[in-house]
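Take a look at the structure set out below.
The values are calculated or read from the model by the stated rules, or taken from the named source; none is laboratory data. The structure presented is a predicted model; accordingly, all values stated were derived computationally and were not measured. Glycine also receives a Cβ, built like all others from the backbone with ideal geometry; neighbour counts cover every protein chain displayed. The accessibility values were calculated without ligands, DNA or RNA, using every heavy atom of the protein model including side chains. Shrake-Rupley method; radii C 1.70, N 1.55, O 1.52, S 1.80 Å.
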Amino acid sequence: MNTKQPISQSIDFSNVQGDIRGGAISFLVAVPLCLGIALASGAPLFAGIIAGIVGGLVVGIFSRSALSISGPEAGLIVVTISAIQALGSFPAFLLAMCIAGLIQIGLGFARAGIVSNFFPSSVIKGMLAGIGIILILKQLPHLVGYDADAAEGMTLFQPGGFNIIEQLHMALGQFRGVAILITLISLAVFYIWERPAFKQRAIAKNVPAALVVVVLGICINELVRVISPEWVLKGNHVVQLPVPESASAFFQLFTLPDFSQWSNPLVYTSAVAIALVASLEALLAIEASDELDPLKRKTPANHELKAQGIGNLVSGLIGGIPLTSVIVRSSVSINAGARTKLAALIHGTLLLVCVVTLPTLLNKIPWASLASILLVTGYKLARIEIVKAVFAEGISKFIPFVVTVLAILLTDLLTGIGIGMATGIFFILRDHYQNTHRVRTEWDSDIKRIHVSLGDHVSFLSKAKLVKLLKSIPDNSIVEINGTESSYIDSDVVAAIQNFGTSARQRNIRLIFLPSRVADSPAVHTSKEFVSNFRTAGSVSMQ
């Protein structure tokens, strides 16, 4: 598949209704998350909105990902807090962000995106399932009206922080009847919209369930305001977007970088940290988005690093926090019907227009409505059918999947991915070791003939098992090692076969070695020397 498609081919209008739905629903979810992540990062609230707008519009224009939506992400909270504290001011931090963007662009030109090709699919599926489970657990307090953690970080157990167990315990004593009512109605709407009979109706095809959930949530809460004001949801139970009173007040929400800090070495160390974390998060997210893509398109990773770098550069220049590709927003958009990058552009445009013209209306959206949307999204990422499908692929796929899920739940996203990767690599090496060769034994009169067929890729990891086999071969036998079907045979393996040939003559073993036919294989390059060394020995033949 050609992944280097021009932008004009990435933006099309073949699925306008689905892209509008996806962009609109991801926008509704993004507003409170942008604000919550900015708050948790110790940055101005509006900085999160700026990053969301830039992620949708700027990255949306330059990215070649069909479905990924970028913006502030909870995984960047720690590095943002650390950088702001180290630099002592938010403007100095913005300068570090600009430099981080340039570093990401440089990584794109250096083709560092090749790292994404080494993520095992089982680990990516485990990451998606882990995020899905976390989303479900993190929404439980919101569903009953306890809205303490608006950042929705991908960490259940925060060292020294307010973890999910404490949140659930607090939520049990602070039920809000209106929030529970909104939750039940919202989940009922999602259930009805998913029924096969209802899916065929025009309203189900043209109006997304998530939009109905948001509108109903606002209407129910406003009705309660009229009937019984003391029960109405307000404060942190609803979206809290800054509302500027004038045009000048709006522009004061933007912050410029402090370029006088360019000689501060801490700016550059912070920039490197931001660039590395944001780049790794982006590569993981686009792999996950590609996994969810119904059309199974592949995002060019190097180009994505450049697009993310441009986004962070622009965000830093106008006062935003770091951004990256965000799997939660992307999956919400995909579930709503998005199929092209038009959804990301709509997402960014709605953020820009609505925060300028409709902040008061957005501030009426209850968290219970948004939590219902994220709960359903989490369920779709971690549904039991996915677990069954991975289990059917075999134990070498299933164990890395389970380990990744558990590691993400018990630690954090990047640490969990690292543990999952290590487990996946172990099973890859194990399978490689077990599939080094195949052995078939037959008798030629009273002489034992052993046929050893080498695998496709015989690396140095295969040496130990092959040497063990050769040592077990009995005296007075014939051994045929067939490497003609191998695309690569490591020189260490060839040397081990040669060494065995030296001892084979003394044990009256005839060795027949058929090397790889591939021109650049070490087995071919050493064949002449191999023949000359053993031509007079009488125990080895080279064919």
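Things to note:
- Within the stretch 186-216, trypsin sites (Lys or Arg not before Pro) in DSSP loop having at most 12 other beta-carbon neighbours inside 10 Å: R201
- Evaluated with a Cβ-only charge set (Lys, Arg +1; Asp, Glu -1), the chain carries a dipole of roughly 1220 debye about its Cα centre, given to the nearest 20.
- Charge-dipole axis of the chain as Lys and Arg at +1 and Asp and Glu at -1 on Cβ define it, positive-most pick from S491, L67, P400: S491
- Across the stretch 8-146, the relative contact order, built from alpha-carbon pairs under 8 Å that are at least six residues apart, equals 16 percent.
- Remark: relative contact order (the chain) = 25 percent; criterion is Cα-Cα distance under 8 angstrom and separation of 6 or more residues.
- In Å, descending, principal axis extents of the Cα set of the stretch 378-436: 40, 25, 11
- Lys, Arg +1 and Asp, Glu -1 on Cβ, resulting dipole of the stretch 275-361 about Cα centre, debye, nearest 20: 220
- Cα→Cβ-extended label distance, 7 Å offset, between S491 and W231, nm: 8.0
- As computed over the stretch 210-301, the Cα convex hull volume per residue (Å³): 231
- Ordering I512, A100, G173 by the projection of their Cα atoms onto the charge dipole of the chain, which places +1 on the Cβ of Lys and Arg and -1 on the Cβ of Asp and Glu, puts I512 at the extreme positive end.
- Sequence-distant residues sharing a close amide H with T324 (under 5 Å, placed H): G71, E73
- Protein heavy-atom accessible surface, 1.4 Å probe, per residue over the chain: 44 Å².
- Taking the alpha carbon gyration tensor of the stretch 291-401, multiplying each eigenvalue by 5 and rooting it gives semi-axes of 31, 21, 13 Å, largest first.
- Ratio of Rg to Rh for the stretch 240-362: 1.02 [Cα atoms; Kirkwood radius as inverse mean 1/r over pairs].
- When the alpha carbon coordinates of the stretch 334-380 are projected onto the principal axes, the ranges are 33, 29, 10 Å, largest first.
- Accessible area ranking (1.4 Å probe, heavy atoms, ligands and nucleic acids excluded), largest first, for M127, M170: M170, M127.
- Straightening the chain between S121 and V439 buys 111.4 nm, computed as 0.36 nm per residue apart minus the Cα-Cα spacing.
- Rounded if a/c under 1.5, otherwise prolate or oblate - the stretch 13-119, Cα gyration tensor axes: oblate
- Taken over the Cα atoms of the stretch 426-507, the convex hull encloses 87 Å³ per residue.
- Partner lysines for K306 [C-alpha distance under 21 Å; skip if fewer than 8 residues away on the same chain]: K4, K298, K341
- Scoring 472-485, 397-410 by mean Cβ neighbours within 10 Å over their residues and listing the highest first yields 397-410, 472-485.
- Every Cα-Cα pair in the stretch 356-486 was counted, and those over 25 Å apart are 57% of them.
- The listed peptides 85-97, 250-262, ordered by packing as a protection proxy, come out as 85-97, 250-262 (highest mean of other Cβ atoms within 10 Å first).
- For the stretch 435-476: rounded, prolate or oblate by the Cα gyration tensor [a/c cutoff 1.5]: oblate
- Signed unit charges on C-beta, dipole axis of the chain, positive-most listed residue I131, I182, V238: I131
- Cα gyration tensor, the chain - rounded (a/c under 1.5), prolate or oblate: prolate
- Under a model in which nothing but the beta-carbon of Lys, Arg (+1) and Asp, Glu (-1) is charged, the stretch 5-144 shows a dipole of about 180 debye around its Cα centre.
- Inter-probe distance in nm under a simple model that places probes 7 Å from Cα toward Cβ, at L410 and K465: 2.9
- At R0 = 41 Å, FRET efficiency that the Cβ-Cβ distance of W262 and I384 yields, to 0.05: 0.15
- Normalised contact order of the stretch 192-306, rounded percent, pairs of Cα under 8 Å and 6 or more residues apart: 10
- Using θ = phi - 60° in the Karplus curve 6.51 cos²θ - 1.76 cosθ + 1.60, the 3J(HN,Hα) couplings for the stretch 260-270 round to 5, 8, 4, 8, 7, x, 5, 4, 7, 5, 5 Hz; x is entered for Gly and Pro.
- Counting only DSSP H runs of at least 4 residues, each contributing -39500 (n - 2.57), and dividing by the residue count of the chain, the helix-based mean residue ellipticity at 222 nm comes to -20000 deg cm²/dmol.
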